[in-house]
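The values are calculated or read from the model by the stated rules, or taken from the named source; none is laboratory data. Keep in mind it's a predicted model, so treat the numbers as computed, not measured. Because the Cβ atoms are built from the backbone with ideal geometry, glycine has one as well, and the counts that use them run over all protein chains shown. Each accessible area value is taken on the protein alone, full model and side chains, heavy atoms only, with ligands, DNA and RNA left out. Shrake-Rupley method; radii C 1.70, N 1.55, O 1.52, S 1.80 Å.
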Amino acid sequence: MQAEAVFFRETFPVGPIQCNCTIIGDRIRGEAIIVDPGGDPEIILQKLAASGLKLTRIIHTHAHLDHFLASGEIKKKTGAPIYLHKEDKFLWDNLELQCRMFGVPYVPQPDPDHWLHDDEDLSCCGGMAMHTPGHTPGSMCFYFEPHKLLLAGDTLFRRSIGRTDLWGGDFKTIETSIKERLYTLDEEVQVVTGHGPDTTIGEEVRENSIVRLG
Ligand SMILES: [Zn+2]
Ligand SMILES: [Zn+2]
């Protein structure tokens, strides 16, 4: 069987701020992880059921409200544990305040089960976690090197980057994360962003006017 026939990926926008949620799985092992279930739990659960894969982890690029509003419901239905970088715990704990600020209905969420760290093996499809702070202190990207795929959360967008004016955001820090951790990846790597269209590392190195090399 070819590698890409084993690899499963589906990305779709969910929730009140249309965060890109991604299911990644291995059809041979029959297992999947989900990244950023930001809302619409029934749609996510339908897609999981259709994939036929067993969910093993619920993983977050960061703890802005729009990236985890369905996490508790997905955990309740699948039993999968919740993963987050510890430096975003203060945002996770302040979900109600975030929802009020953005005018989004508050849905209480259980605490994370596991603190993700830099270079952590995601035990799925060769994925690794990369700590890329700046948009938030605990922002992470998830890199699937065998598939030349990066899930960038709100760190890197097509021709743009994540805002740094919210709690704990810092421009110098996100600039360093992007230059040192993302722009150093192979230029063919496809980038799934937290909102809106995909891009590639090569395109952003050449065309992104906000963070430039050199
Ligand atoms: Zn964000
Ligand atoms: Zn977002």
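In the stretch 9-25, of all residues being surrounded by 18 or more Cβ atoms within 10 Å (Cβ to Cβ) and hydrophobic (A, V, I, L, M, F, W, C), the one that is farthest from Tyr106 (Cα to Cα) corresponds to Ile24. Of note, Arg163 does not satisfy the criterion of being farther than 13 Å from His67 by Cβ, among the basic types (Lys, Arg) and outside any loop (DSSP other than H, G, I, E, B).
Taken over the stretch 136-160, the criterion of being open to solvent by 20 Å² or more (accessible area, probe 1.4 Å) and either outside any loop (DSSP other than H, G, I, E, B) or in contact with a Phe, Trp or Tyr (Cβ under 9 Å, 6 or more places away or on another chain) (or both) is satisfied by Pro137, Tyr143, Glu145, Pro146, His147, Phe157, Ser160. Among the residues of the stretch 179-202, the ones that are away from ligand 1 (no atom under 15 Å from the Cβ) and not in a loop (DSSP other than H, G, I, E, B) come to 10 in all.
For the stretch 168-189, the set of residues classified as touching a helix residue (DSSP H, G or I) at 6+ places or on another chain (Cβ under 9 Å) and surrounded by 15 or more Cβ atoms within 10 Å (Cβ to Cβ) consists of Gly168, Ile178, Leu182, Tyr183, Leu185, Val189, listed by residue number.
Any chance the stretch 54-64 includes a residue that's surrounded by fewer than 21 Cβ atoms within 10 Å (Cβ to Cβ) and more than 24 Å from Trp115 (Cα to Cα)? There is no residue in the stretch 54-64 that is surrounded by fewer than 21 Cβ atoms within 10 Å (Cβ to Cβ) and more than 24 Å from Trp115 (Cα to Cα). Against the test of being free of Cβ contacts under 8 Å to residues at least 12 places away in the same chain and either within 16 Å of ligand 2 (Cβ to nearest atom) or open to solvent by 70 Å² or more (accessible area, probe 1.4 Å) (or both), the options Asp111, Asp121 yield a single qualifying residue, Asp121. The helices (runs of 4 or more DSSP H) found entirely in the stretch 1-105 include none that carry 2 or more residues being away from ligand 1 (no atom under 16 Å from the Cβ) and aromatic (Phe, Trp, Tyr). Would it be correct to say that Val211 is more than 17 Å from the chain's Cα centre (by Cα), under 23 Å from Lys86 (Cα atoms), of a type in the set (Val, Ile, Thr) and assigned to a loop (DSSP other than H, G, I, E, B)? The answer is no for Val211.
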